[in-house]
Structures are given as C-alpha cells and as structure tokens.
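Trainee: Before we start, here is the structure in question, set down as structure tokens.
The values are calculated or read from the model by the stated rules, or taken from the named source; none is laboratory data. Quick caveat, the model's predicted, so the values are computed rather than measured. Backbone-built Cβ (ideal geometry, glycine too); neighbour counts: all protein chains shown. Just the protein is used for accessible areas: all its heavy atoms, side chains included, with ligands, DNA and RNA removed. Shrake-Rupley method; radii C 1.70, N 1.55, O 1.52, S 1.80 Å.
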Amino acid sequence: SEKQGQPKKVAVIVSSLNNPWFVVLAETAANHAIELGFEATIFDSQNNTALETDHFENAISSGYDAILFNPTDADGSIANVRIAKKAEIPVFCMDREINATDAATSQILSDSYAGCVAIGKYFVEKLNKSGKYVEILGLVGDNNTWSRSKGFHSVVDNYPELQMVAQQNADFDRNKAMEVMESILQVHPDIKGVFCGNDGMAMGAYQALVAAGKAEQVMVFGFDGASDVITSIEQKKILATGMQFPKLIARTAANYALEYFNGKRDFAQKVPVTVEMVNQENVHDYEAYGSDE
Amino acid sequence: MISLKKNFNIAQFQSLIALFVLCLALALLTDNFMTTDNFWNVMRQISVNVCISVGMTLVVLTAGIDLSVGSILAFCGAVTAGLLKNGLSIPSLNLFIGFTVLGAIVAGFLIGGGLGFVNGYAVTKFKVPPFVATLAMLTMARGFTMLWTKGHPITGLGDSFGFLGTGWFLGIPMPVWISGLVVITAVILTSKTRFGRYIYAIGGNENASRLSGIPINKVKIWVYSIAGLLAAVGGVLVTARLDSAQPNAGISYELDAIAAVVIGGTSLSGGRGTIWGTVLGAIIIGVLNNGLILMNVSPFWQQVIKGMVILLAVIIDKSNQKSE
Amino acid sequence: MISLKKNFNIAQFQSLIALFVLCLALALLTDNFMTTDNFWNVMRQISVNVCISVGMTLVVLTAGIDLSVGSILAFCGAVTAGLLKNGLSIPSLNLFIGFTVLGAIVAGFLIGGGLGFVNGYAVTKFKVPPFVATLAMLTMARGFTMLWTKGHPITGLGDSFGFLGTGWFLGIPMPVWISGLVVITAVILTSKTRFGRYIYAIGGNENASRLSGIPINKVKIWVYSIAGLLAAVGGVLVTARLDSAQPNAGISYELDAIAAVVIGGTSLSGGRGTIWGTVLGAIIIGVLNNGLILMNVSPFWQQVIKGMVILLAVIIDKSNQKSE
Amino acid sequence: MTALLEVKEITKKFSGVTALSNVNLRLEGGKVTALIGENGAGKSTLLKIMSGIYTDFEGQILFKGQEIKFSKPKDAQEMGIGIIHQELNLIPYLTVAQNIFLGRELVNAFGFLDREKMINKTKALLSRLKLEVEPTALVGTLKVGQQQIVEIAKALLTESEVVFMDEPTSAIGESEVEVLFEIINKLKAEGKAIVYISHKLDELFALADDFVVLRDGKVVGQGGVSEISRAQLINMMAGREVKVVKKPTKNCTEEKVLEVKNLGLLNPENPQRPLLKDISFDLCKGEVLGVYGLMGAGRTELCESLFGLNHRKLTGSILLNGQKTGFKSPIEAIDAGMALVPEDRKKDGIVAGMSVSKNLSLTVIEKVSKFGFLSDVLHTKLYDKHVASLKIKVHNEDQAIKNLSGGNQQKVILGKWIERNPTVLMLDEPTRGIDINAKNEIYELIARLSASGISILVISSEIPEILAISDRILVMSEGEITAEFSSEEATETNIMNACIPENMNQ
Ligand SMILES: Nc1ncnc2c1ncn2[C@@H]1O[C@H](COP(=O)(O)OP(=O)(O)OP(=O)(O)O)[C@@H](O)[C@H]1O
Ligand SMILES: Nc1ncnc2c1ncn2[C@@H]1O[C@H](COP(=O)(O)OP(=O)(O)OP(=O)(O)O)[C@@H](O)[C@H]1O
Ligand SMILES: O[C@@H]1[C@H](O)[C@H](O)CO[C@H]1O
Ligand SMILES: [Mg+2]
Ligand SMILES: [Mg+2]
C-alpha cells in the first residue's frame, strides 16, 4: 500500500512502559523515527502477549509501514511477528529476541544471557570464589528473568564454595526488592553479595543494606545501566551492572526501517549489541542507558 | 422460536447509542476504523474478554464477583498447552499419557470448571464472601500456573490447535465463532431456562429464593464453575492465538471483564442485567482500545481516557435508570 | 480516658490466635524470626499497608470498596517527589514555585484527598457503584502518574525527606510512628465520634440511616477522601523509604489492603468491623510475607500459600461467627 | 385556631402511578388523627411527604401557618416532626442506645460521644415503654416486636410537636399496645399532634379523635371518630360494603396430615432456654389451625422448623402423612408438600425487582416451561389465572412486584404456593399490614383452600383474626404450647391468659 507523499508510519510496540528502561527504549525509537521523517506511535503491551497481538493487528489494519518491536516473550511473540510478515510489514526486534529466525526482518539484540555471564565472572572474582550470596529475581513469568538468572548461574554454579542462601522474586520492583532484602538479611546477615535481575531491584536491595548497616559488607550487582545505578557505581555504592544500550538499540532499529524503505532487504537476522559490564573502574566511560552517541 | 428481543432493555439501548456515537466519532476522525479488516480485528480482540465477561455476568447476577478469572485463564491455557506438547507423565507409576488437541482442551476446561467449583464451594458451603474467595483463587491459580510452567512459556503447539485462535471459517475468525457460541448459549441459558431464572431470583433476593425452594448453593456452585469454564475457554483462545501459553497471561483481565459487565448495565448488587448488555460493554471497550490506537493517543493518556469512559458510561446509565 | 479495649471482639480474638499460631510456627521453624530487628522489619514493612488498609476499612465499613488506593499512592508519591525535586514551574506564566519538604508533602496529601473526593463524589452524587468508580480512578490515576513522571522514577530527594522512611525516633522507625498515628486517630474516629458512628450506621443500613437524618453523602465523600489521603500518606512513606518515586509503585496494593481488612474480620457488606482488626490483618499478612522469605519458600509456592491463608482466615472467622 | 401542621393540594406520582392527588389535611395540637385506607391508598406516602422523605411533589406544607420546604428528613426532625416508619428502620449491628440516638448523638465537651449519658437516657426511655432490654444489646439480636418498640422509643426521644405513627403496632403484643396507648394519650395531653395509621380499626376507635380516609390517593371522608360507625368507615375505605366472614367450623374427623411430636429447637446462644420446647400437635386434612402468641413466642421458629430450616438444631419428630420427615432444606419440605408464606414479606417473600409473573412462577417453574425452555405464553396464562382468582391489583405482568402495595404483594406470594397445591400451607402473619378489604379476601381464600382439602397452619397476632379463621387454636408462650382450644371454646380472655409468660420481658 504505497501512499504517495505521505510520511511513512512506524509503530513502536513495546512490552511494557511500567519500567523506565522500556520507556527510554520506546521513546528513543519513536523520537528517532520522527527525526528520520516518519510518523511514529508507541503501543504499550503491558507485559501481555495477547494485548501485543491486538497491537499488531491494529497496526497492520491501520496502515503502518514498519514495526519497531520489543517483544513480551521470546516464544509467545513469534506468532505476532508472523502476522506482520504475512502482511508484508517489516519487523525489527529490539532488545529482546524471538526464538525464530524467519519471522522478523532483523533483530537488534541485547544479549541478557551473555551479559550475565560476564557479571557472573566478575561476581566470582569479587567474592573471591567463596561465600554466601542472594539472588533477587524479576517477574517469575518473564523470560528475561530466566535468561539473566541462567547466564549468571552458568558461571557461578561452578564454584561450590559460593553458596546461594536465598533466591526470591521481587518483580523488577524497587520497593519489593527492598522489603525482600530486609527479610533475607534477618536470616543471612553474613552474605557477601547480591545479584539482582535489574537495576531497580539492585537499588532497592542496596537501600535495605544501608538501613541494616551492611552496605559496606555486601556487594550489589544489577543489570540494565539505569541512571540511578550508574550514579551509584560512580559513588562506589553498587559494584557493577550490565549495560544494555537501549538508545543505541532503538536508534539502530529506526535506521534499519529507513534503509528498508529505501529498498534494502538483506538485513542480518541477528545484530547483537553487546551488554557491557560497567563497574567502578570503567564507569566514567558510560552514562545512563549507554551514551547518546 | 426463541425471541431474544425481549431481553433488550433501556440499559442496552443506552449502551447501543454510546457505541454508535463512539463509532461515528472514530469513523470521522480516522481513516481506518471503518474497514472490514478492522471490524474483524476488533471482534477477534474482544472475543477473550467476551468469554470471560459472560461468565462474570452470571456471577454478578447472583450478586457475586469473580476476581480469579485471569489467573484461571492462565492456568488452563498452560495446562492445555502443556498436555498437548508434553503429555502427562507420572514417573512414579511409570505412566505416560499423550493428549490429542481435543483431549488437552477438555482437560483445560475441566480444570477451569474445577477451580470455579472450588470458588463456588467456598462461597456457598463456607460462606466466604465472593470477593475474598476469588481473591484467594486469583493468587493460588497464579501460583499453580507458575508451578506448572516453572515460569516459562509453553510454545509450539501445532497448527490444528493454532487454528482455533488464528483460523477463519465461513469468512469469520474462529475466536469470533467460539465467543459467539458462548454468547448465544448464555443468552438462552439466562433468559429461557429455569437455571437462568434462578440466577436472577437469587441475585434479586436470596432469602425469598431459598424459601421458594430454589437450590441456592447448587445454582451458585454451577455459576462459579461456568465462570471458571469460560475463563478456560478464554485461556485456550489466548494460547491458540499466540501458539504459546504465557505464565503471566490474563493479569488484571478480571477488571476488563467487570468493566464490560458494568458498562453493559448489569448491577453489581445482583438480579439485574443481561448477557447482551455485557457483549455491548465488551464491544465498547474493544472499540475504544482500537480507536485510541488508531487515533495515535499516547499510551499514558489512553489510561486516563479509558477510566473516564468507564465512569461516564456508568453515570449515563444510572441517570437513565433514575428517570425510568 | 479513652478505652480502646471495648472494640476488641470475637473476630479480633480469632485473628489474634491465628497470628499467635503463625508466630509460634515461625519461631520454631526459623532462627531469626523472633528478634527485635526482625520485629521492626516487619512493622516497618507493613506500615504502608496499614495506612492504606485503615482507609480501606472506613470505606468498607460504609459497604463500599476502594480499588484506586494503589494508583493514588503512586501518583501522590510522584507529585511529592517531583515538587520536592523540581518545584513547579508554569512557563506560560513565567512562574516558578519551589517546595519545602513539608510543602511537597502537603501537596501530595491534598492531591490524594482530592482524588478520593472525586471517588466519593462519583459514588454519592452520580450513584456509581464504588467498585466501578474506584476502578475508573485506578486507571486514571495510573495514567496521571505516567504523565507526571513521563514513566521515569524521580530520585534523590534529600535526607530530611528520606528520614520519614528510614529514620528512627525514640527507638522506633519513623514509618511505624506515622502508621501508628494513623491507626490511633482512626480508632478514635471510628469509636468515639459521631462521624465514626455514622460510618457504621450507613454500612449497617443505609436507608435507615438516611431516615435518621444522617448526611449519607457527606459522610461517604469524607470517607473516600480520607482513604485517598491515607493512600497519599502511604505514597510519601514508600517514596521516602526508597528515596525514589516509582511510576509503577503501588500496583495491586488494593488487594493487600482488602485482604488485611477482611482477615481482620470486617464484613465486606459493611457495618461491622474495627480498625484494630485490620491492623491485625495487616500484621498477619506482613508476618506471612516475612516468614515465607525467612524460610526461603519458592516464589511459586508463596502465592499458593498466601491464597490459602486468606481463604482459611476467612473460613475460620466465618465458622466462628456462625456459632456465635 | 391555626393548625400545627397543614398540607394543601398534595399530589405525588411514582413513574405514572398517582399515589396521592390533591390531598388536604389539617393537624391540630392535642388531637390524634387516624389515617385510614386500604393497602396502597397512599397513607405512608403522605406521611413521608410530611416528614421530608419525599421532597419531590406538588402542593404546600404549612407548619404553624408558615409555608415550609424540607430538603431532607433532618429538616423535618429539627422542626419537631417525629415519625415511626411502617418498615423497621434500625441498624442491626448497632446497639439499642446507638440506634435510638442515631443522628442525634450526645457529645461531651471534647466533641467525643458521651456514651454514659446516652445509655442512661435510653434506660429511662425503655422503662417508660416497659421494654426490658439492655441499652447495649445489639438490635439485630432483638425480636421483631422488641425492635418495633425501639423504633417507637427513637421517635419519642426528641420532644416532637407532631408525631406520625405508621402502623406502630403491627408486630407487638397487646400489652405493649396498651403501653403505647398510654404514651400517646400523654402526648396528646401535652398538646402534641399525632397521626396514627393502623389497619386495626379497634385501635383507632380507642385512640383517635379525628379520622381521614384515603382511597386511591384521594381523601374520601373525614370527621370526628365519635360520629362514625365501624361499618361506615369500612364502606368508605373500600368504596363498597364489606363484611367479615366467619367460616363454619370443621371438626377433625379425617386423617391426620401432620403430626408433630416433642419438637424441640436448641438455642445456640442460650442452651438453657430452647427456642422451642416439647411441641406436640396434629393437623388434620382440611383443617385450619391457628397459632396465637405474643412476640417472641416462637411461632415463626416453629414454622421454619417444619419447613426444613434449622434442621441441625431440631429434636423430636415430624410426621407428614404418617411418614417421618427429616427435611434438611426448604426444597425437601416443598417437595413433600409443605408451603410457607413468610412473616417478613420484603426480606423473605418477594424478589423485589422481578416482575409479578416471574415471582408467581418461582415455585412452579416447570409449569411454565416447554421442552425445558421457559415459555412466555405459559407465564401469561399463570399470571392471568391468579390475577383473576386472587383479585390482584396490578397493571401488567411485567410490572415489578415492588411497585405493588403490601396486600397485593401478599396475594402474589399466596398465588405462587397455591399453584403448587400443597398438603400443608403455613401462613405466618398473612395479613400483617394489610387493609381490611384485602384481609377479608385472604380469609375467604383460607376458607376456600381448607375446603379443598389443604391443611393450613396460620400464625396471627390478632385475636379477632385468629378467632375468625381457625377451626382450632394453639397458644404459644416462650417456645411452648400453653393451651389448645376448639373454636367454640376460644375467647379473647382465655387466649390472653394462656399467652402471658411468667415475665414478658425476659
Ligand atoms: N417507591 C415507590 N415507587 C412506585 N410506586 C410506589 C412507591 N411507593 C409507593 N408506591 C405506590 O403508591 C401507592 C401508595 O402507596 P403507600 O405505600 O403510600 O400505601 P399505604 O396506604 O401506606 O399502603 P399500606 O397500607 O399497604 O402500607 C401504591 O399504589 C404504591 O404501589
Ligand atoms: N434474630 C434473633 N436473634 C436471636 N434470637 C432470636 C431472633 N429472632 C428470634 N429469636 C428468638 O426466638 C424466639 C422465637 O422468636 P419468633 O420470631 O419465632 O417468635 P414469634 O412467635 O414468631 O414472634 P413474632 O410475632 O415476633 O414473629 C424468641 O424467644 C427469641 O429469643
Ligand atoms: O531489559 C529490560 C529491563 O532490564 C527490565 O528491567 C526488565 O526487562 C528487561 O527486558
Ligand atoms: Mg403504608
Ligand atoms: Mg414471628
């Protein structure tokens, strides 16, 4: 459906806006699309794959030309991408991958698993291969929760002296992480480290440690590269985080859409955007959510 | 012949006008609202909510409420998907049972009906207020879902199952057929059968109903079981559409269902309302969701607008009832 | 002197025993439950729920319900944090207003009370069922929060504000002081004032109350406003504890609050219940949350267990009431 | 002399139904005015207008010559107009004292409730009314009659200049009625204006100075009570001649349909005082057995126990047609041929929002079904049949039953049971709050039904009524049967003697 003279319409379908990380991803994608001369709309799937389906259908029937897509689920979202493919609308996955290589036009991915492997290694090093630690999971129904957890454990579980004394969920929520941490500290006042599935929870856990006077004793590791945590790493409060580059990812996706409209078709199926570990040594090279350029 | 007309009352008329105005506005404001494509879109999108809301209507007519539908939906979807994909193996008995599509769906339905039955049992035999009984079930069924899926989606369920969610038959999407069937059955049930009459009577005056020899507990248990069953139908639809059972499917669906029921003119204190009203309510919500997106309204504003529409719909409905 | 004892009834006694059994079990099963440290932990953790639940109790006593408390909490927390951090600037008027800690908190409270007022207004003047009016507010206030924060947390609010969430005074954490104050005020309000009496009367029989000349609408509007205000208090506490206002704070807090109210023996149909009961309910939930984590129960099972506890608490309570 | 309260040209419509049209009324101090009329004549509506409950009407209200407009009940209260409503308006979970002071609580210097003072005042009020309940007892635990006295106490708390009483004696026994009359006479002596509504004409003749008769919302007669006879009054109300039928007595020769042996009902709150104790009696085919007793005598509990309620707390045995029964629910009782018209119509009788025809078919749903589906045609048939035979005043079959007057609601409830053709029909206060004309129709109906072979157990608190309709009379007091009379033996005096408990208030 070629509408002459009309600007191209780009849909930004994002898994959730209930988390600043995704807000950054979605807004960067939309804003960059507008900079490139497109019309852009953000769709919030509210972590609900079925609602995501609705968004795809609505976007297609109302004539969007491309979809910049942050999937709710690696498996569940495949069907949705296929709907778009059938309608010959290109889909560019952002941040999260879908478990199919023949559906999306291209996937610009932040590899949570690999990122957490790196964090796991740093964790082992910092805890000196032994001691008690705690893991705080995100939403237990979320696939990112598990890819991060698995990446982390793929390393850490090789050190029998490192003992995970508690594994609890805090739904990616700062307040919940704080409360969970407060309770865990009652049983395990002697832990040496905490690994959190995202930065919001890392901040919450850190707050609990401060209140319990254990901020010095316990090392906190997060994941995302959110502004609070970057600042906290600078201030030597938090040990490390996995920097995802949502802005970079989003801009790349929008650029790809432009290239697609200009006729390019041979996109790499997977374009990994490495998750870089930010720690107290290298934090000065980074800013929140990656650098702007 | 069964006359369905009689069940249309002022409240529905109200909603119909609201819907009409909404559609007119959207037709004028957007290019893409009034297309066949978009029509089927909306219809398909509301089909899950319609199934759940129909069950919710029955519960609300008895002056109850069911907060657990979203969790039951997730659990049943996961059970069906799990059985279909992996079958059931009981290692201790050295037993493995494979499931056909039909078998897996029936199992999901049975679980849905069963959890609904538990709701009904708690409400009637233990006199737990419906709000509390189903709130507890909301939490528990979500836990079951997590235990069953270990937090991971179950994917790759095959084309014949997927057809239920994505296929078309005689030019109409399958989910619309299924939800349509649910609606028609429920309309007949509520308006043309003894069971339906009892539902209204119980919601209208439970004491008087008991003294008239109506088996209150039995009717209520059935109603909650049906609500659970219809949540399971919704679960199968969602799962089939996605070709994947999501552990966190259905979160807060109860609120959408209640909104549909209420916008459709059913009274939360029981005894008054119709299935058609609820269907209209669900359509209004669906059209609104669709329209806000077509009009490119920011997601943040969408929430504000949806809240206002719910409020307005009910206010208009109320002011109409008063002047009746 | 004011005697608070009389408000303790069978239902509370029930809950007290449940709490005692729970504590005993945890003391036996874990080493760390029975420590002063953990005691204050639990107390601090429940303080937000206590504030919200007290407001919820008032609403439920009038036979209403308030689903919007979680969203109001988030919005007020965000408003307070935003004003504190950035002040208020109205570019078109070339106006900038800076806010002190107190000023920002008062602003948050006013907004909370104001949104509660809107709930009350919808419920009384437009006769919107409380469930629906506050469901609409749940959606709208979340939208406002997103619009105000643009989806980003507001962080770095300074030590004097943080003291409210993390500080200690006379050996007691600040949140406990604040929620304690809320509780005492509410106990006096409900048991020692006309306003409190009217709340019970309205929930007991609204019609009879109207005929007795009780200003139903006024009382209800106040009750919803207070519930909104107390949600704002909760919002300030959460924000101060985290040193950060989270746009998604408070999601599903209404369910925890309702659970506390119900476990505490307040009837959802209004007219019966006490603030003390609710406090006990909140403590039971808090102890349970704490205990499940102390025992490192898997997150999947935690949900199942919590659901069961809610159900059991109410069943025991009911069976006691029956034999009364 | 200017009237204390006067209304002029009052017209009130309820969605089409004209409840009052151009009503004029003058109330003078020191007089009791009886407001009389059939069910649905508009009596309660008129009081509700004069006490600020309905604010939407045409016409004028003058208080001491000044035109006034109420915007809420409190306005009337503050002006000195007190009302006892026809329906009980109490909060079950509040105490007696809390109910009496509701909306008028006493507070101390700090603005807190003055519990002590309110309890003391309540004690004084209750002793004036000779009701011995604790001011701190929850109203929900009181018997209906006691609640009605609390309702009266509530109206007497403030020194109102005008007091409206809408059927204050419908649930209380003779001795309480006497106390109430004393109080009314005292109020009268103090110069207050009183409006008294009752369907018990004897009361009106004993009490009232003036009468006003309403029919279909219009005043059809007024004057001094001394100038009118009972028969004239009845004719005025009904618009035609009415005579109270006394049916011929029938002796119990035929087979026993119901045999109750040593029935007992435990009181979970007070095991020492069972609610029913050692109840034994028989009911024959086609017999009308009247059960008389004061409030709280246990008559309602008896009916409910026979109807399958309370089965866990029952002792003794019940035989229906010679078969031992053990009904666990009303369903089983109904299937075996029992029927119960409950005492509290609004709470237990009608499904208020449902139409008349749906209420009628509630017990016989299979009779209005065809091939398992409900049939509109059969509903209409059923409706037509009962509206004709029971003379139910109703616009059409879809009218909600709540918009019918009490008497007509009662006929619908009777209809739904008659349609089942029960073996035993239990009527608990079937004519409470029903006008004399409708009452007579119900008496005729009872006679007709018993003639057709239905055995009837009827509870009543009105001795003339019980004398008029019963073949045999049981008297109950404190859960026990204290006397049995054939209809020839029974007199007002021996019935009264049998029903007075040792201590009424305990
Ligand atoms: N809320 C209402 N809505 C509609 N109609 C009503 C309402 N209240 C009363 N009516 C109608 O108004 C008329 C007068 O009713 P009202 O209750 O005043 O009668 P009444 O003389 O007090 O009768 P009763 O002796 O049975 O108490 C009746 O026809 C009744 O059906
Ligand atoms: N709600 C109640 N709570 C506690 N006890 C009650 C209640 N209702 C009745 N009772 C008890 O049951 C006994 C019988 O009451 P019931 O209502 O059956 O009497 P009744 O003869 O039908 O009187 P009425 O004329 O008031 O209907 C009373 O003595 C009273 O103690
Ligand atoms: O990367 C995002 C963020 O880390 C968020 O906190 C959880 O979901 C992930 O996909
Ligand atoms: Mg009346
Ligand atoms: Mg009785």
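Trainee: Cβ-Cβ under 7 Å, sequence separation 6+ or interchain: first residue in the range D:293-316 and within 16 Å of ligand 4 (Cβ to nearest atom), partner open to solvent by less than 10 Å² (accessible area, probe 1.4 Å) and modelled with pLDDT under 90. Which pairs?
Mentor: none
Trainee: Can you tell me how many residues in the range D:276-308 are open to solvent by 40 Å² or more (accessible area, probe 1.4 Å), more than 9 Å from ligand 2 (Cβ to nearest atom) and either among the acidic types (Asp, Glu) or assigned to a loop (DSSP other than H, G, I, E, B) (or both)?
Mentor: Looking only at that region, the number is 3.
Trainee: Here is a further query. May I ask you to verify whether B:Asn207 is in contact with a helix residue (DSSP H, G or I) (Cβ under 8 Å, 6 or more places away or on another chain) and within 7 Å of another protein chain (Cβ to nearest Cβ)?
Mentor: Working: in contact with a helix residue (DSSP H, G or I) (Cβ under 8 Å, 6 or more places away or on another chain): yes; within 7 Å of another protein chain (Cβ to nearest Cβ): yes.
The answer is yes for B:Asn207.
Trainee: Step by step: first the residues of the range C:303-313, then only those that are out of contact with any Ser or Thr (no Cβ under 6 Å at 6 or more places or on another chain) and at the interface with chain B (Cβ under 7 Å from one of its Cβ atoms), then the one that is least open to solvent (accessible area, probe 1.4 Å). Which residue is that?
Mentor: Narrowing the range C:303-313 to residues out of contact with any Ser or Thr (no Cβ under 6 Å at 6 or more places or on another chain): C:304-305, C:308-313.
Within this subset, residues satisfying the condition of being at the interface with chain B (Cβ under 7 Å from one of its Cβ atoms) are C:304, C:308, C:310-311.
Numbers: C:Val304: 2, C:Met308: 95, C:Ile310: 21, C:Leu311: 29 Å².
Ranking the qualifying residues of the range C:303-313, first place goes to C:Val304.
Trainee: Mind listing whichever residues of the range A:17-48 are of a type in the set (Gly, Ala, Ser) and surrounded by fewer than 24 Cβ atoms within 10 Å (Cβ to Cβ)? Give the derivation first.
Mentor: Going residue by residue through the range A:17-48, those that are of a type in the set (Gly, Ala, Ser) are A:26, A:29-30, A:33, A:37, A:40, A:45.
Once the filter is applied, which keeps residues that are of a type in the set (Gly, Ala, Ser) and surrounded by fewer than 24 Cβ atoms within 10 Å (Cβ to Cβ), the range A:17-48 yields A:Ala30, A:Gly37.
Trainee: Determine if the range A:252-262 includes at least one residue that is in contact (Cβ under 8 Å) with a residue 12 or more places away in the chain and in a loop (DSSP other than H, G, I, E, B).
Mentor: Here is the first cut: in the range A:252-262, the residues in contact (Cβ under 8 Å) with a residue 12 or more places away in the chain are A:252-258, A:260-261.
After this cut, where a residue has to be in a loop (DSSP other than H, G, I, E, B) as well, the list is none.
For the range A:252-262, residues in contact (Cβ under 8 Å) with a residue 12 or more places away in the chain and in a loop (DSSP other than H, G, I, E, B): absent.
Trainee: Could you grab me the full set of residues in the range D:369-391 that are within 25 Å of D:Ile442 (Cα to Cα) and buried (at least 16 other Cβ atoms within 10 Å of the Cβ)? Steps first, answer last, please.
Mentor: Initially, the range D:369-391 is screened for residues within 25 Å of D:Ile442 (Cα to Cα), giving D:379-391.
The answer is D:His379, D:Leu382, D:Tyr383, D:His386, D:Val387, D:Leu390.
Trainee: Could you identify the single residue in C:Val233, C:Val219 that is more than 12 Å from every other protein chain (Cβ to nearest Cβ), part of a helix (DSSP H, G or I) and closer than 20 Å to C:Thr134 by Cβ? Talk me through it step by step, then tell me what you get.
Mentor: Numbers: C:Val219 fails: more than 12 Å from every other protein chain (Cβ to nearest Cβ).
Just one listed residue meets the conditions, C:Val233.
Trainee: Still on this model: Considering only the range A:197-237, state which residues are within 11 Å of chain C (Cβ to nearest Cβ), aliphatic (A, V, I, L, M) and open to solvent by less than 10 Å² (accessible area, probe 1.4 Å).
Mentor: From the range A:197-237, those within 11 Å of chain C (Cβ to nearest Cβ) are A:199-200, A:203-204, A:206-208, A:210-213, A:226-229, A:231-232; that's our starting set.
The next check asks that each one be aliphatic (A, V, I, L, M); those that pass are A:203, A:208, A:210-212, A:226, A:229.
Within the range A:197-237, A:Ala208, A:Val229 qualify.
Trainee: Please determine, by comparing only the residues of the range D:322-340 that are outside any loop (DSSP other than H, G, I, E, B) and touching a Lys or Arg at 6+ places or on another chain (Cβ under 9 Å), which one is surrounded by the most Cβ atoms within 10 Å (Cβ to Cβ).
Mentor: At the first step, the residues of the range D:322-340 found to be outside any loop (DSSP other than H, G, I, E, B) are D:323-325, D:330-335, D:338-340.
Now narrow it down to the ones that are touching a Lys or Arg at 6+ places or on another chain (Cβ under 9 Å): D:330-331, D:334, D:339.
Values: D:Pro330: 23, D:Ile331: 17, D:Ile334: 22, D:Ala339: 28.
Once the filter is applied, the top-ranked residue is D:Ala339.
Trainee: Being part of a loop (DSSP other than H, G, I, E, B), away from ligand 4 (no atom under 16 Å from the Cβ), among the β-branched types (Val, Ile, Thr) and within 14 Å of chain B (Cβ to nearest Cβ) is the requirement here; does A:Ile83 meet it?
Mentor: Numbers: part of a loop (DSSP other than H, G, I, E, B): no; away from ligand 4 (no atom under 16 Å from the Cβ): yes; among the β-branched types (Val, Ile, Thr): yes; within 14 Å of chain B (Cβ to nearest Cβ): yes.
Here the answer is no, as A:Ile83 does not meet what is asked.
Trainee: Moving on. Between a first residue in the range C:203-223 that is at positive phi and a second residue that is among the basic types (Lys, Arg) and in a loop (DSSP other than H, G, I, E, B), which pairs have beta carbons less than 6 Å apart while being 6 or more apart in sequence or on different chains?
Mentor: Sorted first by the residue in the range C:203-223, then by its partner, the list stays empty.
Trainee: For the range A:136-152, which positions are in contact with a helix residue (DSSP H, G or I) (Cβ under 7 Å, 6 or more places away or on another chain) and more than 7 Å from chain B (Cβ to nearest Cβ)?
Mentor: Correct list: A:Ile136, A:Leu137, A:Gly138, A:Asn144, A:Ser147, A:Arg148, A:Lys150, A:Gly151, A:Phe152.
Trainee: For the range D:334-385, how many residues meet the condition of being acidic (Asp, Glu) and more than 8 Å from chain B (Cβ to nearest Cβ)? Walk me through how you get there before you give the answer.
Mentor: Within the range D:334-385, the first condition is being acidic (Asp, Glu), and the residues that meet it are D:335, D:343-344, D:348, D:366, D:376, D:384.
Okay, now just the ones that are also more than 8 Å from chain B (Cβ to nearest Cβ), so D:343-344, D:384.
Residues in the range D:334-385 being acidic (Asp, Glu) and more than 8 Å from chain B (Cβ to nearest Cβ): 3 in total.
Trainee: Restricting attention to the range A:179-196, and to residues there that are part of a loop (DSSP other than H, G, I, E, B) and away from every other protein chain (no Cβ under 12 Å), which single residue is least open to solvent (accessible area, probe 1.4 Å)? Spell out the reasoning first.
Mentor: Residues of the range A:179-196 that are part of a loop (DSSP other than H, G, I, E, B), as a first pass: A:188-192.
Checking the rest, the ones that are also away from every other protein chain (no Cβ under 12 Å) come to A:191-192.
Working: A:Ile191: 0, A:Lys192: 65 Å².
That would be A:Ile191.
Conditions tested, residue by residue: (1) touching a residue at least 60 places away in the same chain (Cβ under 8 Å); (2) within 14 Å of chain C (Cβ to nearest Cβ); (3) in contact with an Asp or Glu (Cβ under 8 Å, 6 or more places away or on another chain); (4) within 16 Å of ligand 4 (Cβ to nearest atom).
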| site | (1), (2), (3), (4) |
| --- | --- |
| D:Lys143 | yes, no, no, no |
| D:Gln147 | no, yes, no, no |
| D:Val150 | yes, yes, no, no |
| D:Ala153 | no, yes, no, no |
| D:Ser160 | yes, yes, no, no |
| D:Ser170 | yes, no, no, yes |
| D:Val177 | no, no, yes, no |
| D:Leu180 | no, no, no, no |
| D:Val195 | yes, no, no, yes |
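Trainee: Also, quick follow-up: Hey, does the range D:431-447 have a residue that's within 16 Å of ligand 4 (Cβ to nearest atom), acidic (Asp, Glu) and either within 14 Å of chain B (Cβ to nearest Cβ) or touching an Asp or Glu at 6+ places or on another chain (Cβ under 7 Å) (or both)?
Mentor: Within the range D:431-447, one or more residues are within 16 Å of ligand 4 (Cβ to nearest atom), acidic (Asp, Glu) and either within 14 Å of chain B (Cβ to nearest Cβ) or touching an Asp or Glu at 6+ places or on another chain (Cβ under 7 Å) (or both).
Trainee: What pairs can you find where one residue is in the range B:27-53 and within 11 Å of chain A (Cβ to nearest Cβ), the other is open to solvent by 10 Å² or more (accessible area, probe 1.4 Å) and aromatic (Phe, Trp, Tyr), and their Cβ atoms are less than 6 Å apart, with a gap of 6+ or different chains?
Mentor: Short answer, once both residue conditions are applied: none.
Trainee: Taking the range D:386-417 only, how many residues are part of a helix (DSSP H, G or I), basic (Lys, Arg) and more than 14 Å from chain B (Cβ to nearest Cβ)?
Mentor: The initial filter retains those residues of the range D:386-417 that are part of a helix (DSSP H, G or I), namely D:386-390, D:401-403, D:406-417.
Narrowing the set further to residues that are basic (Lys, Arg) leaves D:402, D:411, D:416.
If we keep only those that are more than 14 Å from chain B (Cβ to nearest Cβ) too, we end up with D:411.
Summing the residues that are part of a helix (DSSP H, G or I), basic (Lys, Arg) and more than 14 Å from chain B (Cβ to nearest Cβ) in the range D:386-417 gives 1.
Trainee: Do you know which residues across the range C:100-139 are in contact with a strand residue (DSSP E or B) (Cβ under 9 Å, 6 or more places away or on another chain) and open to solvent by 60 Å² or more (accessible area, probe 1.4 Å)? First the steps, then the outcome.
Mentor: Filtering the range C:100-139 for residues in contact with a strand residue (DSSP E or B) (Cβ under 9 Å, 6 or more places away or on another chain) gives C:103, C:107.
Answer for the range C:100-139, where residues must be in contact with a strand residue (DSSP E or B) (Cβ under 9 Å, 6 or more places away or on another chain) and open to solvent by 60 Å² or more (accessible area, probe 1.4 Å): there is none.
Trainee: Right, something else. Would you check if there is a residue in the range C:140-158 being of a type in the set (Phe, Trp, Tyr), open to solvent by 20 Å² or more (accessible area, probe 1.4 Å) and assigned to a helix (DSSP H, G or I)? Quick ask: steps written out before the conclusion?
Mentor: Narrowing the range C:140-158 to residues of a type in the set (Phe, Trp, Tyr): C:144, C:148.
Next cut, open to solvent by 20 Å² or more (accessible area, probe 1.4 Å) only: C:144, C:148.
If we keep only those that are assigned to a helix (DSSP H, G or I) too, we end up with C:144, C:148.
Yes, the conditions are met somewhere in the range C:140-158.
Trainee: Tell me which residues, restricted to the range C:181-201, are away from every other protein chain (no Cβ under 14 Å) and open to solvent by less than 30 Å² (accessible area, probe 1.4 Å).
Mentor: Scanning the range C:181-201 gives C:Val182, C:Val183, C:Ala186.
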